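Have a look at the structure below, then the notes.
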Amino acid sequence: MRGTLAGRILSDHLVQGALAPGEQIKLRIDQTLTQDATGTMAYLQFEALGLDRVKTELSVSYVDHNTLQNGPENANDHRYLQSVAARYGLYFSRPGNGICHQVHLERFGVPGQTLLGSDSHTPTAGGLGMLGIGAGGLDVAIAMAGLPYEFRCPSVVGVRLIGALAGWASAKDVILELLRRLTVKGGVGKLLEYFGPGVATLSVPERATITNMGAEVGTTSSLFPSDERTREFLALQQRAETWRPLAAEDDAEYADVIEVDLSTLEPLVAQPHMPDRVVPVAELAGRKVDQVCMGSCTNSSLADLMVVAEILRGRRVHPEVSLVIAPGSRQVMLEASRLGLLEVFLAAGARILEPACGPCIGVGQAPPSGATSVRSFNRNFEGRSGTPDAGIYLASPAVGAWAAVAGEFLPPRDMGDPPAINLPERIEINDNMIIPPLPEEQARRVEVQRGPTIAPLPMRGEIEQDLVGEVLLRLGDNITTDDIMPAGTHILSLRSNIPAIAEYVFSRIDPTFAERAVGKGGGFVVGGENYGQGSSREHAALAPMYLGVRAVLARSFARIHWQNLINFGIVPLRIDEEAYVQIKQGDRLRISDLRKGVREEEVEVVVEGSGARFRAKVEAAGEQVAVLLAGGRLNYVRQQLG
């Protein structure tokens, strides 16, 4: 990675280890962010460390996921989060202020700094030249304690952009093209760094769309240089003093280089039920559309909404289509109002939602049964929308807007000429819904407010000497964290109550799983390739741990979930294809001398009854071995802190 921008930022923040792909490294973290669906647990864990104040340069607690208050649970969490922020020295972004990644890009991101967030789309900050990494809430809690973040050093893959976007092609199509080429597991263990003459043609919001959906490729992070376009964006945000130029050297050494000619791209669509099932929209021309949703942390910038407004201006939403639009932040909402965009949306027949994640995580706007929904979002996993049999298609705001008007997918030739979009030279900055940290003396007097729906943090002891248990579930490839721990309005509201939310583990795959796990006294889960892809939600490890899952055997693991398993004392075991084929659901497995096996990074697994034996690689190295032996990272860090 010599001469790369990623290598420079990593080197500037390196605390321990060697910058070599696959090596365990520790990185100093400048900033952190949490959102409310992961934040309550993260702050309960931070409190368990016994510190008096966050140690990072800047930390922000956002509320953007669980904003639908159909009971006291979400409101209780919000009150807890606001009081924790006041007590421990964080900024607090109130409900309605916007989606964490959009707001952080606008108000807090700094080129060249590191950002650790308890949300998998934290690499959005890479559009600003900031190294953003998604992680579990416990990792973020430990970073807030001033300790470095440990992870595997990625290889740096260069994405050389040439040409300029033309016609109806957009930034969304850049990342959809990469998903088409690389698939949802093609970026595991990698960091995508964008360079080349095409970079200068893209604005910061466009770059952020691309870095945001790098999470769907499985990358550790994605990164653009900080250049004149970056300075323009920060100046518009009245934060020009935070800008500095940052770019790779001309002779930078990349592990691989992918070239994308922006001028050859056409509007693309990801078909159900995976973001890499990408085809040109022309192939879907004529397919009926029932719903269109605009927004999410991927495509909810002012520029995105301006494109939608120009398409809708003077037109009506098709009578058989429901169109909803959610601006990404209060700032975007206010500017859309000032520029008359909201009037255009309402006149056309669109519905306006508050600046929040909303439909992207299954909170509201579930489509009808069997419907086709076009969304400018980043994920289309089966059932994520709240309607199990709906077909969710991911596309750019322009493709979605035309589908809303026509009632069907349109080919580019029927869309006419794209509008010229000119962003305003000045925007109004209003941070009234961001509460800054209190002075330390005043903060010490704040009482943290815990509602009755917030349950105590579950813990486990050191890992066992021997493991014996049943294979509770055998799964295939690309199992997502939505499969393990579903989202949706009701389930999300239980995020601060692990005993309650644990009842829904694997509920969409096997509704009996939680009951069986408890009845069997725990056991094992077996998966194929890329187990745990998708969201950073640590509940997908924490809730199975609570149910007694002690190890997961898989062909390979997605990065964040793999780390979350270790964080909560669930042993990740990598098996080969032969072993995977052998294991059947209901088999009883035995692992003897597990603690020795963890130290040696390999165990022998015996299938009781058949007597079959195979070796499994313990996916842990360096300090992670000690973390597993302690039964999880919180136990380990508390031991280190005394």
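Derivation of every value follows stated rules applied to the coordinates shown; laboratory data play no part. Note that the structure is a prediction, hence the values are computed from the model and not measured. Cβ placement follows ideal geometry from the backbone for every residue including glycine, while neighbour counts extend to all protein chains displayed.
Which aspartates and glutamates, if any, have their Cα less than 13 Å from the Cα of K584, not counting same-chain residues under 8 positions apart?
The reachable aspartates and glutamates, counting only those whose Cα sits under 13 Å from K584, are E470, E608.
Could you tell me the center-to-center distance, by alpha carbons, between segment 15-53 and segment 612-642 in angstrom?
If we compute the Cα centre of each part, the gap is 17 Å.
State, to one decimal in nm², a quarter of the convex hull surface area for the C-alpha atoms of segment 268-414, i.e. the direction-averaged projected area.
In nm², the orientation-averaged hull projection of segment 268-414 is 7.4.
For the chain, what is Rg from Cα atoms divided by 2.2 N^0.38 Å, rounded to two decimals?
That ratio works out to 0.92.
Could you tell me whether segment 5-264 comes out rounded, prolate or oblate from its Cα gyration tensor? Rule is a ≥ b ≥ c as square roots of the eigenvalues, rounded for a/c under 1.5, then prolate if a/b exceeds b/c, otherwise oblate.
It is prolate, given that a/c is not under 1.5 and a/b is the larger ratio.
Rounded, prolate or oblate: which fits segment 467-641 when a ≥ b ≥ c are the square roots of the eigenvalues of the alpha-carbon gyration tensor, with rounded for a/c under 1.5 and prolate only if a/b beats b/c?
In terms of gyration-tensor shape, oblate.
Sort Y580, Y88, Y636 by Cβ crowding within 10 Å, fewest neighbours at the top.
Listing Y580, Y88, Y636 from fewest to most nearby Cβ atoms yields Y580, Y636, Y88.
Excluding same-chain residues fewer than 8 positions from K172, which aspartates and glutamates have a Cα within less than 19 Å of its Cα?
E193, E206, E216, E259, D261, E266, D276, E283, D304, E310, D417
Can you put E177, E216, E601 in order of Cβ neighbours within 10 angstrom, beginning with the fewest?
E601, E177, E216
For the chain, what is the calculated [θ] at 222 nm in deg cm²/dmol (nearest 500), taking -39500 (n - 2.57) for each run of four or more DSSP H residues and dividing by its residue count?
So the calculated ellipticity at 222 nm is -8500 deg cm²/dmol.
For the chain, take the longest principal axis of its alpha carbons; what is the angle in degrees between that and the long axis of helix 36-48, to the nearest 10 within 0 to 90?
Helix 36-48 sits at roughly 40 degrees to that axis.
Please give the helix 397-406 orientation as an angle from the longest Cα principal axis of the chain, in degrees from 0 to 90, rounded to the nearest 10.
In the chain, helix 397-406 runs at an angle near 70 degrees to the longest axis.
Would you mind ranking V374, V260, V332 so that the residue whose beta carbon has the fewest other beta carbons within 10 Å leads the list?
V260, V332, V374
Lysines within cross-link reach of K55: Cα-Cα under 24 Å, excluding same-chain residues under 8 positions apart?
Within reach: K26.
Among 62-72, 218-228, 454-464, how do they line up from the highest to the lowest mean number of other beta-carbon atoms within 10 Å?
The most tightly packed comes first, giving 218-228, 62-72, 454-464.
Classify segment 436-511: rounded, prolate or oblate, from the alpha-carbon gyration tensor (a ≥ b ≥ c, eigenvalue square roots; a/c under 1.5 rounded; otherwise prolate if a/b is larger than b/c)?
Prolate shape, in that a/c is at least 1.5 and a/b is the bigger ratio.
What whole-number distance in Å separates the alpha-carbon centres of segment 535-567 and segment 354-405?
About 27 Å separates the Cα centre of segment 535-567 from the one of segment 354-405.
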